[in-house]
Amino acid sequence: MPTNGKACGECAFWSKAQSFDARRFSKKPKIKNVISKNILNADLHCHSIVSDGTLTPEALAERAKLNGVELWALTDHDEVGGQHRAAAAAKAQGMRYLTGVEISVTFAGETVHIVGLGFDPDDAVLKQGLHDTRGGRRERAMEMSDGLAKVGIQGAYEGALKFVGNPELISRTHFARFLVESGVCKETADVFRKYLTEGKPGFVPHRWATLQNAVTWITQAQGVAVIAHPARYKFTPNEEYALFTEFKNHGGRAVEVVTGSHTAQEYIKYAETAREFGLAASRGSDFHSPVESHTDLGTLPFLPGQLTPVWELLEDRIQ
Ligand code: AMP
Ligand code: MN
Ligand code: MN
Ligand code: MN
């Protein structure tokens, strides 16, 4: 222990600093309560072979657990056929689970995705609504194939079918995989850019569910409706405002803030939007495939503090 005056001054400094630290420390549990609800490795958005992912629900559960996911939801497009398998697989991995789905909606001429979480997967109204939403995918796929044939790509419908796990759920993703396999493009993102988006040869406009229907199907089945990846839509500020306002009016309660589809700037923007509209916030990778997806399960940053995490609204729905 130093004994000269200078050192004693240092001692005084440190004892002051420590008592300041101790005061701060005594407040820590309070701070922790504010933040800890957001510090959860929840991944509430991903896809299996039941829609346009490449892994089974069981393989996804295993991967999620390996990546440290603590609360998981499988959210296949327009389909809840994988929910019982996913819940059982999560249980086998010792991971908490919320039921999930991602519903295709047409709003202001654009396709919008609404995620549902924590609903009853056997609810008859929800299942019928999803069945109706899936209807028409086959005809759309055949028209997409005709469009591609016109630019010299033959047999795309049959080719895409080889990648389909669920015959009712042929999607643009399956076409993209076929075009990569047949060497037309190097990766699926290129296929979307060159062939499968508005104005391109394989694009076919389609009418999905209405916003009101999707939100109502989810909420009447005891779930929470969430606007998926809002930065992905090409809306004007007025249209986006209308989306959030109408979504709330129909009973929607949350928005994805931290998703594999958003940049760090967009986390900030939609954290602000969540607060403005009084919506809870969700977090999900939107993982589809180990080869194609940039964001793996459970690897996103935590939700920003001061937002209500969507799992807080669903405490009694967690399995
Ligand atoms: P569909 O429901 O048939 O219109 O297909 C939509 C799916 O295509 C989305 O869920 C994504 O998985 C995928 N997708 C959409 N846009 C892109 C893109 N630009 N690059 C890669 N995949 C995309
Ligand atoms: Mn998809
Ligand atoms: Mn989506
Ligand atoms: Mn998705």
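The values are calculated or read from the model by the stated rules, or taken from the named source; none is laboratory data. Just so we're clear, the structure is a prediction, and the values are computed from it rather than from any experiment. Positions of Cβ are backbone-derived with ideal geometry, glycine not excepted, and every protein chain shown enters the neighbour counts.
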- Message: Looking only at region 56-82, filter to residues that are away from ligand 1 (no atom under 16 Å from the Cβ) and of a type in the set (D, E, K, R); which one of those is farthest from residue 298 (Cα to Cα)?
- Response: 58
- Total residues in region 267-302, condition outside any loop (DSSP other than H, G, I, E, B) and either within 12 Å of ligand 1 (Cβ to nearest atom) or out of contact with any Cys (no Cβ under 8 Å at 6 or more places or on another chain) (or both): 16
- Message: It is to be established whether one or more residues within region 167-180 are surrounded by fewer than 21 Cβ atoms within 10 Å (Cβ to Cβ), farther than 26 Å from residue 261 by Cβ and outside the structural domain of residue 222 (by TED's automatic domain parsing).
- Response: yes
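Quick one: would you say residue 140 is under 21 Å from the mean Cα position of the chain (by Cα) and either surrounded by 18 or more Cβ atoms within 10 Å (Cβ to Cβ) or within 16 Å of ligand 2 (Cβ to nearest atom) (or both)? Reasoning before the result, please.
Values: under 21 Å from the mean Cα position of the chain (by Cα): no; either surrounded by 18 or more Cβ atoms within 10 Å (Cβ to Cβ) or within 16 Å of ligand 2 (Cβ to nearest atom) (or both): yes.
Criteria not met by residue 140.
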- Task: Just one of (1) in contact with a strand residue (DSSP E or B) (Cβ under 7 Å, 6 or more places away or on another chain); (2) within 16 Å of ligand 4 (Cβ to nearest atom) trips up residue 40, so point out which.
- Result: (2)
- Message: List pairs: first residue in region 58-87 and free of Cβ contacts under 8 Å to residues at least 24 places away in the same chain, second residue within 16 Å of ligand 3 (Cβ to nearest atom) and polar (S, T, N, Q) anywhere in the structure, Cβ distance under 9 angstrom, at least six positions apart or on different chains.
- Response: 59/48
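Looking at region 230-266 only, could you name the residues that are part of a helix (DSSP H, G or I) and of a type in the set (D, E, K, R)?
If we filter region 230-266 for residues that are part of a helix (DSSP H, G or I), which is where we start, we get 230-232, 237-249, 264-266.
Listed by number, the residues that qualify are 232, 239, 240, 246, 248, 266.
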- Task: Of all residues in region 70-88, count the ones that are surrounded by fewer than 24 Cβ atoms within 10 Å (Cβ to Cβ) and among the small types (Gly, Ala, Ser).
- Result: 3
- Item | Candidate set: region 303-319, residues that are assigned to a helix (DSSP H, G or I) and within 15 Å of the chain's Cα centre (by Cα); chosen: the one farthest from ligand 2 (Cβ to nearest atom) | 311
- Item | Index of the failed condition, residue 185 passing every other in (1) under 19 Å from the mean Cα position of the chain (by Cα); (2) surrounded by fewer than 21 Cβ atoms within 10 Å (Cβ to Cβ); (3) more than 16 Å from ligand 3 (Cβ to nearest atom); (4) hydrophobic (A, V, I, L, M, F, W, C) | (1)
- Of (1) under 27 Å from residue 243 (Cβ atoms); (2) of a type in the set (Lys, Arg); (3) part of a helix (DSSP H, G or I), residue 194 satisfies all except one. Which? (1)
- Message: Can you pull out every residue in region 224-255 that is in contact with a helix residue (DSSP H, G or I) (Cβ under 9 Å, 6 or more places away or on another chain), closer than 16 Å to residue 276 by Cβ and among the aromatic types (Phe, Trp, Tyr)?
- Response: 235, 244, 247
- So, of the residues in region 227-244 that are over 25 Å from residue 293 (Cβ atoms) and touching a residue at least 24 places away in the same chain (Cβ under 8 Å), which turns out to be nearest to ligand 2 (Cβ to nearest atom)? 243
- Restricted to region 246-275 and to residues being acidic (Asp, Glu) and within 16 Å of ligand 3 (Cβ to nearest atom), the residue nearest to residue 39 (Cα to Cα) is 256
- Query: Among the residues of region 302-309, is any within 17 Å of residue 262 (Cα to Cα) and in contact with an Asp or Glu (Cβ under 6 Å, 6 or more places away or on another chain)?
  - Reply: no
- Task: Those residues that are surrounded by fewer than 22 Cβ atoms within 10 Å (Cβ to Cβ), under 17 Å from residue 281 (Cα atoms) and away from ligand 4 (no atom under 15 Å from the Cβ), I need them from region 219-239; list them, please.
- Result: 219
- Message: For the condition β-branched (Val, Ile, Thr) and free of Cβ contacts under 8 Å to residues at least 60 places away in the same chain, what is the one hit in 255, 310, 291, 224?
- Response: 255
